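Here is the structure we will look at, set down as structure tokens.
The values are calculated or read from the model by the stated rules, or taken from the named source; none is laboratory data. Being a predicted model, the structure only gives us computed values, none of them experimental. Here the Cβ is made from the backbone with ideal geometry for all residues, glycine too, and neighbour counts use every protein chain on show. For the accessible areas, the whole protein counts, side chains as well, though only heavy atoms, and no ligand, DNA or RNA atoms are used. Shrake-Rupley method; radii C 1.70, N 1.55, O 1.52, S 1.80 Å.
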There are 2 protein chains.
Amino acid sequence: MNITSVDYLLKHTCEWLKGTGPNSDIVISSRIRLARNLEKLPFSHWASKKQEKEAMDILEKGVLDVDLVKTGAYIRMSEIEDVDRQFLLERHLISREHMVHPEYKSVAIADKEIMSIMVNEEDHLRVQVMQSGFNLQECWRIANRLDESLHKRLKFAFSADWGYLTACPTNTGTGLRASVMLHLPALVMTKQVSRVIQAISKLGMTARGLYGEGTEAEGNFFQISNQITLGTPEDDVIDNLERVIRQVIGHEENARKTLMKQNREVLQDKIARSNGIIRSAYIVNTKETLSLLSMVRLGVDMGLITDIDRRAVNELLILTQPAHLQKIEGRQLSSAQRDVKRANLIRRRLEGR
Amino acid sequence: MNITSVDYLLKHTCEWLKGTGPNSDIVISSRIRLARNLEKLPFSHWASKKQEKEAMDILEKGVLDVDLVKTGAYIRMSEIEDVDRQFLLERHLISREHMVHPEYKSVAIADKEIMSIMVNEEDHLRVQVMQSGFNLQECWRIANRLDESLHKRLKFAFSADWGYLTACPTNTGTGLRASVMLHLPALVMTKQVSRVIQAISKLGMTARGLYGEGTEAEGNFFQISNQITLGTPEDDVIDNLERVIRQVIGHEENARKTLMKQNREVLQDKIARSNGIIRSAYIVNTKETLSLLSMVRLGVDMGLITDIDRRAVNELLILTQPAHLQKIEGRQLSSAQRDVKRANLIRRRLEGR
């Protein structure tokens, strides 16, 4: 379904934010991304406008023919407003690149936002599959099926020596990036997180913030992904990442237990104050929102807050972002206006209204 | 009634904290204090132990014979614990001097703590009468009656030229100090308060903190009193102070209106956050408590908080002090333990339990 408005997405929230699935007290979501490029055309960055258009025509035809996509939405970046593109970015459905340079770019979104395919990103196709909780296997299963369907309709650049060819050599090989969004407040509070991240990077993994590359970890949210795409089969990459993530989860669990044992009142105080503030404030900015929501989520996850469910907290992580607030309100809002609307939205949501 | 424990005071709260009376949205309480000294004996500071005892014997006899006092309690400072003396200080019933040097000192407390008479303070007698709200006239009426009763039983040092003689010359003359405890959050927030205090001091008044001389204004609470005791009759002193206080009240009212008009959301946010924090926290120290209670009181006074009454907030100002927490708990508490008990007490009280 070709659409020119993202408004339909406002009616529900992303399936991968539902707060269920394995280890969902620590893992927000899992993601698999595949990079694919057409055989006969230059990579997007080096393509002329004409070649970009040509690629888009071919890709659109192929992508829209896939059954999984047919039931979803197809959106050309140039046909929607700035705020809509930012909205898609906030929902993790497109990249910053897609938002900033909309020409000859598009995205297919399907299966309650579990699946998105970006056309003419850095690579011709970026296939992304997300799941709630620690569930890379399910992401990989769906991504693989999607990849097979696309293979039947499009000819991808592939070398027997190198594997899939990509615009940036760091993706060459499998073209696969597996990543997991973790909530690590106890490791941050006990000042162990930088040590953990250092250890991760020695194992060929990398840690980033909520919105991927170049973003800082805010509100204790960390996205951990594989660095290696060359010379290791997909299953091994995923297995490796899973093993590392399981260790990080173990460390976070231990840190939570230690805090509860040695610093229970300090922890309770921090969580209860955050809960009190976020349910009361009339003005709150994005940064403070993330750190307050982080503490509230920890409270929910540790059973210290029982009248909020995890899904509500997860959804607020997205709904409180600038473009979301403006879409919900149906008009442009200044930063100061957003801070007021954000506080209002949070208050209402946490009271279940 | 001669008593050796202050525990009976725990059962109720001071009448002057009830949060009613004229201008009680801005004025916490009014107070009249009279300094009187025995004719034939040296001032307490210059007296030998023997003379101090002699003074105490005479004063006790006279004070305990007054009808108004008979129904109350009489407590010798040397017969109670350190924590009990601190408790009396926190309730504004005795001075720091009385707490620190208990020998040959005592206090009579009557009429639901509206009235207290300190024996062998800096002056032989310090008669204090307090009222809720802006009500100096009523304080003066009661103090005057008490003074007359005492005059019938004790011979006070009085000079036709100077009036009542006192240990410190700043009290000589009427021996009268009239003071009003004001809550001036809007003047503080709009940064007008230092200008107001400067103007006051030019008019012969002085501004201090919650616990009188030498204490800083915390939580936006200011105690304003007359400086002049010599050459001006009592009624004029009280009239002058009343006139000045009425002006300060007017300024505070204007500042509140201005905040509501120009900065409503910022004000609401500040008040709502303080309310959210104080009802949620598990650890809170005295200083933060005062500033949070100040904002909650402002919320109550401006109709922004409707589920708490003013008396509850006023009472918490006293109940959350260190000795009160220890008396309530019935045992000594470290500073860290008090911070936890304080938060707990506030949470329970504000939930009406």
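For residue B:210, the amide hydrogen comes within under 5 Å of the amide hydrogens of B:218, counting only partners 5 or more places away or on other chains and with H modelled in the peptide plane. Here's the list of lysines a cross-link from residue B:18 could span, going by alpha-carbon distance under 19 Å and ignoring same-chain residues fewer than 8 apart: B:112. Each part gets one Cα centre, and for segment B:4-43 versus segment A:29-96 those centres are 77 Å apart.
In this structure segment A:7-256 gives 42 Å² per residue of accessible area when probed at 1.4 Å with all protein chains present. To put it simply, the accessible area of segment B:242-314 at a 1.4 Å probe is 46 percent carbon and sulfur. For the peptide A:263-272, the mean number of other protein chain Cβ atoms found within 10 angstrom of a residue's Cβ is 4. By its C-alpha gyration tensor, with a ≥ b ≥ c as the square roots of the eigenvalues, how is chain A shaped: rounded for a/c under 1.5, else prolate for a/b larger than b/c, else oblate? Oblate is the answer for chain A, as a/c is 1.5 or above yet b/c matches or exceeds a/b. Can you compute the helix-only [θ] at 222 nm over chain A? Use -39500 (n - 2.57) per DSSP H run of at least 4 residues, normalise by all residues, nearest 500 deg cm²/dmol. Calculated from helices alone, the mean residue ellipticity at 222 nm is -14500 deg cm²/dmol. Counting from the shortest, the label point at residue B:199, 7 Å from Cα toward Cβ, is 6.5 nm from the same position in each remaining copy. A straight line joining the Cα centroids of segment A:279-317 and segment B:325-353 runs 27 Å. Projecting the Cα atoms of A:80, A:344, A:238 onto the charge dipole of chain A, computed from C-beta unit charges around the Cα centre, puts A:344 farthest toward the positive end. This model, with +1 at the C-beta of Lys and Arg and -1 at the C-beta of Asp and Glu, gives segment B:7-256 a dipole about its Cα centre of some 220 debye. Amide H to amide H distances under 5 Å link residue B:182 with B:28, B:222, B:223, B:224, where only residues 5 or more positions off or on other chains count and H is placed in the peptide plane. Considering only beta bridges that DSSP places wholly inside chain B, some 95 percent are antiparallel. Among the listed pairs B:40/B:152; B:61/B:327; B:49/B:327, which are separated by more than 25 Å between their Cα atoms? Pairs exceeding the cut-off: B:61/B:327; B:49/B:327. Can you bin segment A:60-137 into rounded, prolate or oblate? Criterion: square roots of the alpha carbon gyration tensor eigenvalues sorted a ≥ b ≥ c, rounded for a/c under 1.5, prolate for a/b above b/c, oblate for the rest. It is oblate, given that a/c is not under 1.5 and a/b is not larger than b/c. Among the protein heavy atoms, those of residue B:319 account for about 10 Å² of accessible surface (1.4 Å probe, every chain in place).
Here the label points at residue B:285 and residue B:96, each 7 Å from Cα along the C-beta direction, are separated by 1.9 nm in the simple model.
Contact order for chain B, expressed relative to its length and based on alpha carbon pairs under 8 Å spaced 6+ residues apart, stands at 19 percent.
Each residue of segment A:128-142 is assigned a 3J(HN,Hα), and the resulting list reads 10, 10, 10, 9, 6, x, 8, 8, 5, 4, 5, 4, 5, 4, 5 Hz, derived from the Karplus form 6.51 cos²θ - 1.76 cosθ + 1.60 (θ = phi - 60°), x at Gly and Pro. Each residue of segment A:267-280 was assigned a 3J(HN,Hα) from its phi angle through the Karplus curve 6.51 cos²θ - 1.76 cosθ + 1.60 (θ = phi - 60°); the sequence is 5, 4, 4, 4, 5, 5, 5, 4, 4, x, 5, 5, 8, 10 Hz, with glycine and proline shown as x.
Only Lys, Arg, Asp and Glu carry charge here, each on its Cβ (+1 for the first two, -1 for the last two); on that basis the protein assembly as shown has a dipole of about 320 debye about its Cα centre. Here is how far apart the residue B:253 label points are across copies: 6.4 nm, shortest first, using a point 7 Å from Cα toward Cβ.
Comparing mean-square fluctuations of A:40, A:11, A:261 from a GNM of chain A with C-alpha springs under 10 Å, the top value falls on A:11. Label-to-label distances for residue B:336 across copies, nearest first, come out at 4.4 nm, using points 7 Å from Cα in the beta-carbon direction.
What sits nearest the axis between copies A and B, counting only chain A Cβ atoms, is the residue and whole-Å distance A:276, 2. From the Cα gyration tensor of the protein assembly as shown, with a ≥ b ≥ c the square roots of its eigenvalues, which class applies: rounded if a/c is under 1.5, or else prolate if a/b is larger than b/c, or else oblate? Prolate. Enumerate the residues in segment B:104-123 having an amide nitrogen under 11 Å from the point lying 7 Å beyond the Cα of residue B:137 toward its Cβ. Output list for this probe position: empty.
Ordering B:263, B:176, B:221 by Cα displacement along the dipole of segment B:128-279 toward the positive end leaves B:263 in first place; charges were set at the Cβ atoms of Lys, Arg (+1) and Asp, Glu (-1). The mean count of C-beta atoms from other chains within 10 Å of the C-beta of residues in A:335-343, rounded to a whole number, is 1.
Per-residue Karplus couplings for segment B:288-295, computed as 6.51 cos²θ - 1.76 cosθ + 1.60 with θ equal to phi - 60°, are listed in order as 5, 4, 4, 6, 5, 4, 4, 5 Hz, Gly and Pro entered as x. Please give the Cα centre distance for segment A:109-135 versus segment A:143-222, rounded to the nearest Å. Cα centroid to Cα centroid, the span is 13 Å. Partner shielding of A:276-287 amounts to 5, given as the average count of beta-carbon atoms from other chains within 10 Å of each residue beta-carbon. Please give the helix A:310-319 orientation as an angle from the longest Cα principal axis of chain A, in degrees from 0 to 90, rounded to the nearest 10. On a 0 to 90 degree scale, this one is about 60. Taking amide H positions as modeled 1.01 Å from N, with prolines and chain starts lacking one, the residues under 5 Å from residue A:176 and 5 or more places away or on another chain are A:35.
Here the accessible area of segment B:1-152 is 50 percent carbon and sulfur, with a 1.4 angstrom probe and all protein chains present.
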